[in-house]
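Notes for the one structure printed next.
Coordinate-derived values only; no laboratory data. Just so it is clear, the model here is predicted, and its values are computed rather than measured.
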Amino acid sequence: MDPAPLKRRAGRYLRLFGPETVKDMRIRLSSPVHPLAAMAEMVKDAYVAIDVGNMARSVKFYTNVLGLKLVKKYGKYWADIKAPGVWIGLHGPHEKGPRAKNSGNMAIGFTVRDMDRAVESLKKKGVRVKREETEWGRLAEFKDPDGTDLYFWQEL
């Protein structure tokens, strides 16, 4: 087998990611393209898409109640909300949704610096919050207007 293509590929990864990253991914000249390296070239951002029943109500909740930033809104069909580390896509009413009730198999968590202040802010805005203390941290669970499970987490 001719090693030249493998050497070119390894050189490309060194230029793209730097020697420390390549070392961490443990790419060797004799191995095929590492799947994580290929994915890193393709992925730009992360989105969580949520079906919502009322776009205006949901945008108001995520911006006014949670304090996140509305980046762009496409009528009543889609809104881009920016949260630290992830985009939240609000998907308005459409032929395949929204689902009548949240399935309960997903939640979006936000780490907070001051749990008491964060919970008090939610309560002042009429959001019901269920709190829990564990040996690892503090948890506050709540829902958006469509029933999507959300939570705040503060590590001890």
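Here are some notes:
- Ordered from longest to shortest, the equivalent ellipsoid semi-axes for segment 47-155 are 25, 15, 13 Å, each the square root of 5 times a Cα gyration tensor eigenvalue.
- Restraint check, LYS73/LYS123; LYS82/LYS123; LYS60/LYS125, Cα-Cα greater than 18 Å: LYS73/LYS123; LYS82/LYS123
- Whole-percent P(r), segment 102-156, all Cα pairs, 5 Å bins from 0: 5, 20, 30, 25, 14, 5, 0.
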